[in-house]
1. Tell me the Rg and the Dmax, in Å, that the Cα atoms of segment 30-82 produce.
2. For Cα pairs less than 8 Å apart in space and 6+ apart in sequence, what is the mean separation divided by the residue count of the chain, i.e. the relative contact order in percent?
3. Report Rg/Rh for segment 15-108, rounded to two decimals, where Rg is the Cα radius of gyration and Rh the Kirkwood radius.
4. Would you calculate the separation in nanometres between label points at residue 34 and residue 66, each defined as 7 Å from the Cα along the Cα-to-beta-carbon direction?
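No lab work stands behind these numbers, since they all come straight from the coordinates. Nothing here was measured: the structure is a model prediction, and the numbers come from that model. Backbone-built Cβ (ideal geometry, glycine too); neighbour counts: all protein chains shown.
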């Protein structure tokens, strides 16, 4: 996952915003929603997707598994399933908090 990803401070993101942030095509995001049950953006009126910060972090994790680690979709699913058994949502939030604190510390220095 790219640690340099700067996620703007807002609650919801459109699919086009996420596409630009993550450097992925919108059709890839829609495909991944079908393949990875963990990726579930809020669906609004008219079927419009609204992604949250956690979704963007998950998308970058999937992207890293597929592109950086060279895993297949099946391999990435298995990896995520194994990791979810070994971690809790607290770990997920803690990683994000640590990242935010590191950014603040860098700005202070």
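1. Final numbers for Rg and Dmax: 11.8, 37 Å.
2. The value is 25 percent.
3. 0.99
4. 1.2
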